[in-house]
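Written below as structure tokens is the structure these notes are about.
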Amino acid sequence: MKKIAVIGLGYVGLPLARLFATKFPVVGFDINQKRIDELRIGKDLTLEVEDDVLRGVLVDENPFSSTKNGLWCSNQLADIEDANFYVVTVPTPVDKNNRPDLTPLYKASETVGKVLKKGDIVVYESTVYPGVTEEECIPVLEKISGLKFNEDFFAGYSPERINPGDKQHTVEKILKVTSGSTPEIGKEVDSVYREVITAGTHLAPCIKVAEAAKVIENSQRDINIAFVNELAKIFNILNIDTHAVLEAAGTKWNFLPFKPGLVGGHCIGVDPYYLAQKAQEHGYHPEIILAGRRLNDSMGEYVASQVVKTMIKKGINVNGAEVLMLGITFKENCPDVRNTKIVDVIAALEDYGITVTTYDPWANPVEVEHEYKLISENKLPDFKYDAVILGVAHKEFLDLNFNALKKENAVVYDVKGIIADKADNRL
């Protein structure tokens, strides 16, 4: 019987561990003691798993000894020693120079290597460039465990397809790509996921194909959004409503309905750099991928410049102005602030001498301050501003009384393009 250990209990790991626990004994492992304490009382602060759903699979002791289905959360290495199917779901960020940072993967591989046994399977879900599993992670497993790959232990890769904040496309409802280090292991890995993924699975011919499939999913979206962002810049110069253009073009059956915006988060804004890095290592300089990244990374400064131009046109003194930023998470109705591009807008506005107040009822102020050294309010300020920017389309913002938040001649700028009737300008 499969005894599953999920390494990393964040936005990807916890929903997966919860799902596996409906059919298997599962231990969720995370080095964050505070996270473990919260999960053990059935509280998920990422809001990816509802508290009652989480409590429905939690067990009071390690289920490996009894082989009963359920989830036990722990930060103790001894609790995953008896697992025979390890799933690694740690983050894969980039550094300040946008180079892949594989440190979390190396650390997780070291952790698994300490308890790895003959016959075990290690499956990676973290988004990587083709080759990371076999060329970077497997050597760590071999070194720490003293075991030989594809003789003593085996590996697989099944890219995560979690969409934070999306309660319709949950993990079990999204078709899962699977793969294994041998054809037989591929089938075994696939069968485990098929037990819980109701949408079905797709068994890729090898690990590198599965890795490549994942990294191009988000690169494709990134490039398409970059194209629409460039259109928004062009149409703004021509004084044409971008959203009206997209609505008209969208009447064609095969038009792709992308919208302009800030491209943040832990996937779309990061994954293309992983693919670009691998290509460059092999002597190829990707042009379209990196051009799309450069354009999307420039949008925070562009939004700030558009807000300032609109303020100047209204005769508002920019230096010393007070601006309210509505939202700091990377997407709507979600507490995830990883790689949010709202901070780029804030930084650019502050360069103009503007004081920015940030209000976000979804974001954790402690996490925002830790990650970005910024103050985020959970309560709507009782103040009138020179400009109000709708940065994130949280449901709480859609019916706000903007007149109560702005001075008489203030600017309202709509980054998301959803409050056109209330905005002076929009992306």
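The values are calculated or read from the model by the stated rules, or taken from the named source; none is laboratory data. Quick caveat: nothing in here was measured; it's all calculated off a predicted structure. Here the Cβ is made from the backbone with ideal geometry for all residues, glycine too, and neighbour counts use every protein chain on show. The accessibility values were calculated without ligands, DNA or RNA, using every heavy atom of the protein model including side chains. Shrake-Rupley method; radii C 1.70, N 1.55, O 1.52, S 1.80 Å.
A few notes on this one:
- Paramagnetic reach from LEU256 in the stretch 287-319 [backbone N under 20 Å; point 7 Å along Cα→Cβ]: 287-299
- Förster radius 45 Å - calculated FRET efficiency between ILE312 and GLN168, Cβ distance, rounded to 0.05: 0.60
- Accessible area per residue, Å², the chain with all protein chains present, probe 1.4 Å: 45 Å²
- Centre separation in Å (Cα based) which lies between the stretch 348-392 and the stretch 1-51: 31 Å
- Dipole magnitude for the stretch 36-95: computed about the Cα centre from +1 point charges on Lys and Arg Cβ and -1 point charges on Asp and Glu Cβ, it is near 160 debye.
- Principal-axis analysis of the Cα atoms of the chain puts helix 183-194 at an angle of about 60° to the longest axis.
- Nearest-ten-degree value, helix 207-237 long axis tilted from longest Cα axis of the chain: 0 degrees
- Between 0 and 90°, nearest 10: helix 271-281 axis offset from the chain longest Cα axis: 70 degrees
- For the set ILE138, ILE234, solvent exposure ranked by accessible area (probe 1.4 Å, protein chains only) runs largest to smallest as ILE234, ILE138.
- For the stretch 371-427, the carbon plus sulfur part of the accessible surface works out to 46%, probe radius 1.4 Å.
- Loop chymotrypsin sites (Phe, Trp or Tyr not before Pro), the stretch 231-328, which have at most 10 other Cβ atoms in a 10 Å radius of their Cβ (DSSP): TRP253, TYR284
- Highest-MSF residue in the chain out of PRO159, PRO272, PRO205 [GNM, Cα springs under 10 Å]: PRO205
- Global geometry of the stretch 276-387, whether rounded, prolate or oblate, following the gyration tensor of its Cα atoms and the 1.5 cut on a/c: oblate
- Of (1) 25, 51, 22, 2; (2) 26, 55, 14, 5, 1; (3) 23, 45, 25, 7, 0, the label for P(r) over Cα pairs in 20 Å bins from 0, in percent derived from the coordinates: (1)
- Heavy-atom accessible area order for GLU301, GLU369, GLU48, largest first, 1.4 Å probe: GLU301, GLU369, GLU48
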